[in-house]
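Below is one structure, written out as structure tokens, with a few remarks after it.
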Amino acid sequence: MLVIHCTSVAASIAVAKTCEICGHASRKNRSLWNMSGIIFPFMTTLAYRLRLAAASDAEAICRIYNQGIEDRIATLETELRTPDERRQWLANRRPRHPVIVAENGSGDITAWASLNVFNAREAYRFVADISVYVERGWRGKGAGRVLLEKLVELGRQHGFHKLVLSAFPFNAGGMALYEKLGFRTVGTYREQGQLDGKWVDTIIMEKLL
Ligand SMILES: CC(C)(COP(=O)(O)OP(=O)(O)OC[C@H]1O[C@@H](n2cnc3c(N)ncnc32)[C@H](O)[C@@H]1OP(=O)(O)O)[C@@H](O)C(=O)NCCC(=O)NCCS
């Protein structure tokens, strides 16, 4: 699968308001459209190319995941990964649970996301857990949104009925992203895990597809 996402949106005032593939409008341009309905050709738009992850992406995926682990805002995972471990992780995935990556204009991977098995029991086959991780220097620049939008689209294509996730209540970026894409808070697990000797709550969210 190859998806060219939101390319050249700012190149011309004649282009459509949204990406033809996924309907996404970049944040800068969407706010311009909201104000005036006009795209200014001199504005810079961050464009990402979305595609399925390949084995050769293991190193970039590992680097970005380890940043998320080290930052202590994304996951209760504390064990840093290696490129080899991520390569094996990629190799073990089935098509219904893909990993996707976002490349910036230079072809560098800036973020990855995945549909994960929520529970191996047959009855849970319509539920997918999700992950989204953006490289530190690229956070807040739209990559998380385009990847999550693509996960929602892929979730529907693969026959899932809902997406679920758990997040830390103090993860402002994650909570903002999920709420903007229509995830609702199911509830809070109090003191669900310990990070560096401190109890942390986790918020459970879901989105029916
Ligand atoms: C959380 C994360 C995935 C969000 O992705 P991102 O690329 O930084 O977010 P985006 O730039 O796509 O922003 C998406 C929306 O959330 C909002 N947002 C992003 N970061 C925000 C922040 N720190 N505070 C408030 N709102 C924020 C944006 O305004 C944007 O809304 P808009 O599209 O309507 O303008 C990313 O920051 C990240 O990887 N963080 C570390 C790992 C992590 O926390 N993963 C999630 C685990 S639950």
Legend entry - Amide H contacts under 5 Å for Val99, placed H, 5+ residues apart: Ala53
Inset, instruction - Compute the distance in nm between two label points, each set 7 Å from the Cα along the Cα-to-Cβ direction, one at Arg136 and one at Tyr124. - result: 3.3 nm
Legend entry - Residue pairs, from the table Lys150/Lys207; Lys141/Lys207; Lys141/Lys180; Lys150/Lys180, whose Cα atoms sit over 21 Å apart: Lys141/Lys207
Legend entry - Estimated vicinal HN-Hα couplings, Hz - the range 188-198 in sequence order (Karplus 6.51, -1.76, 1.60; Gly, Pro = x): 10, 7, 7, 6, 7, x, 10, 10, 6, x, 10
Inset, instruction - Note the full-extension length gain between Val186 and Gln88 as 0.36 nm times their separation in residues minus their Cα-Cα distance, in nm to one decimal. - result: 32.0 nm
Inset, instruction - Place +1 on the Cβ of every Lys and Arg and -1 on the Cβ of every Asp and Glu in the range 54-208, take the dipole about the Cα centre, and give the residue among Gly187, Leu208, Asn104 whose Cα lies farthest towards its positive end. - result: Leu208
Legend entry - Under the Karplus curve 6.51 cos²θ - 1.76 cosθ + 1.60, θ = phi - 60°, whole-Hz ³J(HN,Hα) for the range 135-146, x wherever Gly or Pro sits: 4, 3, x, 10, 6, x, 10, x, 5, x, 5, 5
Inset, instruction - Mind giving me the nanometre distance, one decimal, between the label points for Glu179 and Asp108, set 7 Å out from Cα along Cα→Cβ? - result: 3.2 nm
Inset, instruction - Can you tell me the relative contact order of the range 54-208? Whole percent, Cα pairs under 8 Å, sequence separation 6 or more. - result: 19 percent
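Taken together, the values in this text are just the output of simple stated rules run on the coordinates, not laboratory data. Remember, it's a predicted structure, so these values are computed and weren't measured experimentally. Note that we place each Cβ from the backbone using ideal geometry, even for glycine, and neighbour counts take in every protein chain shown.
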